[in-house]
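What follows is a single structure, written as structure tokens, with notes after it.
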Amino acid sequence: MKRVLLFSLPILIIISVIFAVFGFFQARSTQERLIDEVKSKAKAVAESMELSAGQILAARDLRKAQRLIEKFETRERLQGCVLYDREGKLFVITKRFSEWKDKQKPYLPEVISQKNPRGELEKFGDYSVYSYVHPVLDDDGQVLGLIEVIYDTSHVSTRLIGLWKRISVTLIILVISILFISLLTLRQLFVLPIQRLTEWFTHFQKGSTDAKPPISDTGELGKLAEEVEQVALSLRVARKSMIEEAQRRVEKEDLWTEKRLRDLVMAKLGENSLFVVSNREPYLHVFDAERNETKMMFPASGVVTAIDPILRACGGTWLAHGSGNADRRFVNSRNKLGVPPGDERYILKRVWLTKEEEEGYYFGFANEGLWPLCHVTHTRPIFRETDWQMYRKVNEKFAESLVEELPAEKPFVFIQDYHFTLLPQMIKQKRPDATIALFWHIPWPNPEVFAICPYQEEILEGMLGCDLIGFHVQNHCNNFLDTANRLMESRVDTEKFSIVRSGRETLVRAFPISVDLGVFGTPTESVLQQKEKIREELNLAGKIVAVSVERIDYTKGIVERLLAIDRFLEKYPEYQKRFVFIQIAAPSRTHIKRYHDLMGEIDELVERKNWKYSEGDWSPVIYLKRQFTHEEISPYYQLADLCIVSSLHDGMNLVAKEFIAAKHDLSGILLLSRFTGASRELTDAVPINPYAIEEFADSIKGAIEMPAEEKRRRMTRMREIVGRNNVYFWAASIITELTAVHNTQYLRKES
């Protein structure tokens, strides 16, 4: 449309100017003609009255004068008629226009003295009239009086307005016609040929057609088509070579790295970009009022820790809730920005939510309903109808925002977690060709527990819009299959691990998530310096240091951990003044009462236990309650002799794997809850039951006293597992499975 306007604008300007000039002269001509008609009528009326008026004024017969002027009251557009005596005083006036007598008439003396008629347009009230004054003379040429005839001229304005309306309508119709004809002409001559050429170029360079270019013109368009054909052929050859080379590199290498994942994406997805959807954004902008500056933050989130390296490796678009208070200042007109800052590898698109939407969808339904339901940690789930409606509304908002970004053909969508159970079905309804995977980062409960949810069928229906659903461990997959089998009409295939619903098959697979070993790999000089600085500031020299890192959440077993440390120091007093526990905890979901109460409970427990054991400058618990970046956490991992992960129920727990990745020197030991997904892989960790406080305390003592060589053997084996099954392997497994699903569906449609 912009090109049409540029093409048509000069023509439209010329035509508009011509119409304006033509209209001006026509309007002025019409006005002059109409006024002349009024003048002629007024003069004719006055002259026809002159003889009768002379006799009446000479005899000063008021009754005859009244009858005379009443004869003219019915004439078209004649507003009034007035007779004046020889001194210019009003003698008689028509009743219909009696207000005229109060008007100042400075022109009457002039007409009497000069004895010449006078006609002018006069302003009277809110409208204009034409006044014609004619002197009445006797036989000696002396003035007997005056006749004034007043005509209405409003019809002149009405006619002029109508004229301009007709001119304007004609101009508008002409402009629209020119635009329409220009649009059709440009579309036929340029747009359609270019569209056909673009479509041909897309298919030819991918190798999906061998047809010739659709433009056979010998002119400039034909020359363009020839050049495009040469470029397409070069790209086709280069693209095929790149994909084959990427495939060879993928098959050749053993360890999954960022580069190998990028090769896999090129080999499997080609130019089809990956679209990731999550609630938490990987980078957020927060304004610090105290320092009067805006900071870029990397939030504490397992999802972010896992997904960010993948998109760094293979590119794509990440849709997430823009939750930072300064986020809007850093996006473009489409709510997008390149990330990471200064090293843009992929696009982050922020979706804005109102306070009401965030309260109902995130804090309400997702985290007071689904979170406790799935974790089964004896916190009662709360389901409100208002929260459910807001949850549905936000899922629809994300669906609309995502669909407008998807390419024309065969997009790949990777949805994260329990915030978007309805999203897959919404996307499928609008884009049936989309290949969709959902990864569930938290546990999936058994059917009896999930049946508590009053919206169970809608949630399962939405999730089964996916082509692939991933969980951390096989037990969660089994629970999901049982749930679908028990709570809705579907066919579960236990051999293929799939669910068929409404003719669509959804695969269910276990993909244990992990970390990038390189993020916490060989410590830098800066990390080592920070490690020694922390050791000195916290008086840790010669101490046995245990560390825990997580969000403040009732599923993480923080209270149970503090009670176990209390029992450990109580039962084994020889470790008092020798043992220090550092708890790094990031506050989260503080709007929810259960979390708010938990923060108070932890604060009180830390204070009470420190008071119980503190002696001199030693306290057993150091509680660091704030957000930490990966760079800030790394020194704590380096100086820790133990890492305690005591989750009451956890899908995986990446802190356990981060600690192992950080232990490049093979020191330290991991205490890991049996109720985490990570315990299935990291069998060399010291297993703990966070509910069994006595056993937990003994496990801490056993881990401390474990021989150094045994710790090294265990850490070596766990590092091999984390290094081999890293986050790139996790992503590669999902992408491989997803493309296999996509190719199978494509072959079915072809057949």
>> Give the residue list of trypsin sites (Lys or Arg not before Pro) in region 600-645 that are DSSP loop and have at most 14 other beta-carbon atoms within 10 angstrom.
In response: 626
>> Can you work out the Karplus-derived ³J(HN,Hα) for every residue in region 483-500? Use 6.51 cos²θ - 1.76 cosθ + 1.60 with θ = phi - 60°, whole Hz, and x for glycine or proline.
In response: 5, 5, 5, 8, 9, 8, 6, 7, 10, 9, 9, 6, 7, 8, 6, 9, 10, 10
> Using all Cα-Cα distances in the chain, what percent lands in each 20 angstrom bin from 0 up to the longest?
Replying inline: 13, 32, 19, 11, 13, 10, 2, 0
>> If amide hydrogens are placed 1.01 Å from N in the peptide plane, which non-local residues have theirs closer than 5 Å to the one on residue 136?
In response: 144, 145, 146, 147
> Considering only DSSP beta bridges with both partners in the chain, what is the antiparallel share in %, to the nearest 5?
Replying inline: 50 percent
>> Restricting everything to alpha-carbon atoms, can you work out Rg to Rh for region 317-466 with a Kirkwood hydrodynamic radius?
In response: 0.98
> Convex hull volume of the Cα atoms in region 360-439, per residue, in Å³?
Replying inline: 78 Å³
> What's the local net charge at residue 172, with K and R +1, D and E -1, over the other residues with C-beta under 13 Å away?
Replying inline: +2
> Which ³J(HN,Hα) values in Hz, rounded to whole numbers, follow from the phi angles of region 602-613 under the Karplus curve 6.51 cos²θ - 1.76 cosθ + 1.60, where θ = phi - 60° and Gly and Pro get x?
Replying inline: 5, 4, 5, 5, 4, 4, 5, 6, 5, 5, 5, 10
> What net charge do the residues around residue 285 carry, taking every other residue with its C-beta under 9 Å from that of residue 285, with Lys and Arg at +1 and Asp and Glu at -1?
Replying inline: +2
> Can you pull the semi-axes for region 2-158, root of five times each eigenvalue of the Cα gyration tensor, sorted largest first, whole Å?
Replying inline: 45, 15, 13
> What chymotrypsin sites (Phe, Trp or Tyr not before Pro) in region 299-380 are in a loop by DSSP, with at most 16 other Cβ atoms within 10 Å of the Cβ?
Replying inline: 352
> Does region 525-725 classify as rounded, prolate or oblate by the C-alpha gyration tensor (a ≥ b ≥ c root eigenvalues; a/c under 1.5 gives rounded; else a/b over b/c gives prolate, otherwise oblate)?
Replying inline: rounded
> Which entries in 259/543; 336/496; 295/543; 397/496; 533/609; 430/593 show an alpha-carbon gap greater than 32 Å?
Replying inline: 259/543; 336/496; 295/543; 397/496; 430/593
> Exactly which trypsin sites (Lys or Arg not before Pro) in region 377-409 are in a DSSP loop and have at most 16 other Cβ atoms within 10 Å?
Replying inline: 384
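None of the figures in this text is laboratory data; all of them are computed from the coordinates on show. Quick caveat: nothing in here was measured; it's all calculated off a predicted structure. Backbone-built Cβ (ideal geometry, glycine too); neighbour counts: all protein chains shown.
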